[in-house]
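Enquirer: Here it is, the structure in full.
The values are calculated or read from the model by the stated rules, or taken from the named source; none is laboratory data. Keep in mind that what you see is a predicted model, and the values were worked out from it rather than measured. When we count neighbours, we look across all protein chains shown, and the Cβ atoms used for this are built from the backbone with ideal geometry, even at glycine. Accessible surface areas use protein heavy atoms only, side chains included; no ligands, DNA or RNA. Shrake-Rupley method; radii C 1.70, N 1.55, O 1.52, S 1.80 Å.
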Amino acid sequence: MSLTRTTPDLRTTAPVLPPPHPVGRTVATPVPSFSLPWMGLTLFLVTILGFICALLPLGTAPTLISLSVLGGILYALRARRLPAFLTARATWRASPMLPLVLCLALGAVSVLWTPVRKDGVTQLLTFLYTVVPFLFWMGTLREVDDRRRWLLLRWATLGMVVGLAIFAIEVLGDQPIYRLEKALEGTKVDHDRALNRPAVLFATLAWPLGLALARLAWVTGRGAFARLPALAAMAQPPAGRAMPWAWVMPAAFFLTALGGTSASAKVGLGAGLVFYGLARLSARTARVVMIAVLLAGPVLSIPISLGLHRAGLTEETRMPWSFRHRVEIWDVAARRILEKPVFGWGLDSSRNIPDEGEVSKFHPESPIIPLHPHNIFLQVLLELGVVGSILHTWLGAGLALATRRLPAYAQATALAAIAATIAVGCFSYGAWQTWWLCGIMLAAGLLELNLPAGWWARGQGSAKARQKR
């Protein structure tokens, strides 16, 4: 009798893992409290988010915030309690929750010395109504069972694939949809802005989407989308096995983005592909390299910024205009950081720091630092100082280390998504821009849906078992 098993046999015999219980004792798992309105709202909004990211990227923020707030209200009305994720001790011990809270606290205190206090307060309130509801929503997703996860993941994936297809049409067809929209409105066409925002959103979202497509193909084969309405249990890959082909969608999007105008998206996708390949070879090595980058970023950002300007790159006409402008911005930001290095200038102060008579060579009518420094390390140092930089490095390193607890098939994808986000943040939009933050949080939500119900408790149980040995 042959010991060889065909791919269809493996798909049909793939185990559906039982509910998790930490080793050595029985834990009462909270009964999920998901009403039909919660499921309908979540199913609808996660499906249309792909369209919104492609055509109305600024709408990512109100859509995700609405999903978080309304979903949280519906959950609370049914459950009459907070999600266990927010109250469990393990969340505060083994997740980046503590540095996140400390970052928010420092931002709140820094409002006292920010140049324009009103702007600082506005940014703080934006954090609160964006991040807090999202944490609540992530807590509810943690309690979603495998059957509902599978349904939500299928439709979210379908919406994202359609969104990526729309973006590809816009890139390859010279923005026919955008041109039609502007013609109907009678307003001016702004090619770069229309393509750049969707590009950087999908640079991060492509990774959990690629994992979802690979899992759909592995579990259901060619009939993946034919059975979308089915509410079936989600088969899980064998323990310790990496999910093949999860890199295909990000690689395809990288090739598509090469025809676009966003250099940041290309860099982000390239960094993600590098880290994905490294993590497939050794997830531990990829985490060490990522943490090293996070530690080096704040230390090296100032001397690199000053050095690029001294090298005369702002005058180098062979360089892209946008890069030359960034070199000017980075130089000014680095010098202002040295003036207030410990606690910085205050939250959302970048646009309001006195220019001391300096005028931009590229935008003489605008502030020398327009809105933000276009670099996440410089922005944190400029606004929150060395203290804030330490907390944000702790947060980033905590996220990288937290990938150890993920199932093996998801670790490379999670590290690639983090790498893509950091790379985009080094060159592109402001660290606090709401639509960009919501895009990152949406990627985290899609990654959560890719994981088996109760995955965090299994990881805790395995750790306890190793300790007992």
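Enquirer: Return a yes/no flag: does the range 77-97 have any residue that is under 23 Å from Trp455 (Cα atoms), in contact with a helix residue (DSSP H, G or I) (Cβ under 8 Å, 6 or more places away or on another chain) and open to solvent by 50 Å² or more (accessible area, probe 1.4 Å).
Expert: Yes.
Enquirer: In the range 56-80, what residues are farther than 13 Å from Trp137 by Cα and either among the hydrophobic types (A, V, I, L, M, F, W, C) or over 20 Å from the mean Cα position of the chain (by Cα) (or both)?
Expert: Residues satisfying the conditions are Leu56, Leu58, Ala61, Leu77, Arg78, Ala79, Arg80.
Enquirer: Looking at (1) open to solvent by less than 40 Å² (accessible area, probe 1.4 Å); (2) within 24 Å of Leu384 (Cβ to Cβ), which is the only condition Gly277 fails?
Expert: Only one criterion is unmet by Gly277, namely (2).
Enquirer: Considering only the range 110-124, state which residues are in a helix (DSSP H, G or I) and either open to solvent by 70 Å² or more (accessible area, probe 1.4 Å) or of a type outside the set (Asp, Glu) (or both).
Expert: Within the range 110-124, Ser110, Arg117, Lys118, Gly120, Val121, Thr122, Gln123, Leu124 qualify.
Enquirer: On the given criteria, is Ala76 more than 23 Å from Gly344 (Cα to Cα), of a type in the set (A, V, I, L, M) and either without any contact (Cβ under 8 Å) to a residue 60 or more places away in the chain or not in a helix (DSSP H, G or I) (or both)?
Expert: yes
Enquirer: Look at Val144 and say whether it is open to solvent by less than 40 Å² (accessible area, probe 1.4 Å), outside any helix (DSSP H, G or I) and either of a type in the set (Gly, Ala, Ser) or under 22 Å from Leu442 (Cβ atoms) (or both).
Expert: It is true that Val144 is open to solvent by less than 40 Å² (accessible area, probe 1.4 Å), outside any helix (DSSP H, G or I) and either of a type in the set (Gly, Ala, Ser) or under 22 Å from Leu442 (Cβ atoms) (or both).
Enquirer: Taking the residues in the range 354-383 that are aliphatic (A, V, I, L, M), open to solvent by less than 20 Å² (accessible area, probe 1.4 Å) and out of contact with any Asp or Glu (no Cβ under 6 Å at 6 or more places or on another chain) as candidates, determine which candidate is farthest from Pro115 (Cα to Cα).
Expert: Leu378
Enquirer: What are the residue pairs meeting all of these: first residue in the range 375-397, first residue farther than 18 Å from Ser305 by Cβ and touching a residue at least 40 places away in the same chain (Cβ under 8 Å), second residue outside any helix (DSSP H, G or I) and open to solvent by 10 Å² or more (accessible area, probe 1.4 Å), Cβ atoms under 9 Å, and 6 or more apart or on different chains?
Expert: Matching pairs, first to second residue: Val387/Val342; Val387/Phe343; Trp394/Pro96; Leu395/Pro96; Gly396/Pro96; Ala397/Pro96.
Enquirer: Shifting gears a bit: When the residues of the range 225-241 are narrowed to those that are within 23 Å of Thr403 (Cβ to Cβ) and open to solvent by 40 Å² or more (accessible area, probe 1.4 Å), which ends up modelled with the highest pLDDT?
Expert: Arg241
Enquirer: When the range 386-427 is examined, which residues are found to be more than 18 Å from Ala296 (Cβ to Cβ), of a type outside the set (A, V, I, L, M, F, W, C) and open to solvent by less than 40 Å² (accessible area, probe 1.4 Å)?
Expert: Result: Thr403, Pro407, Tyr409, Gln411, Thr413.
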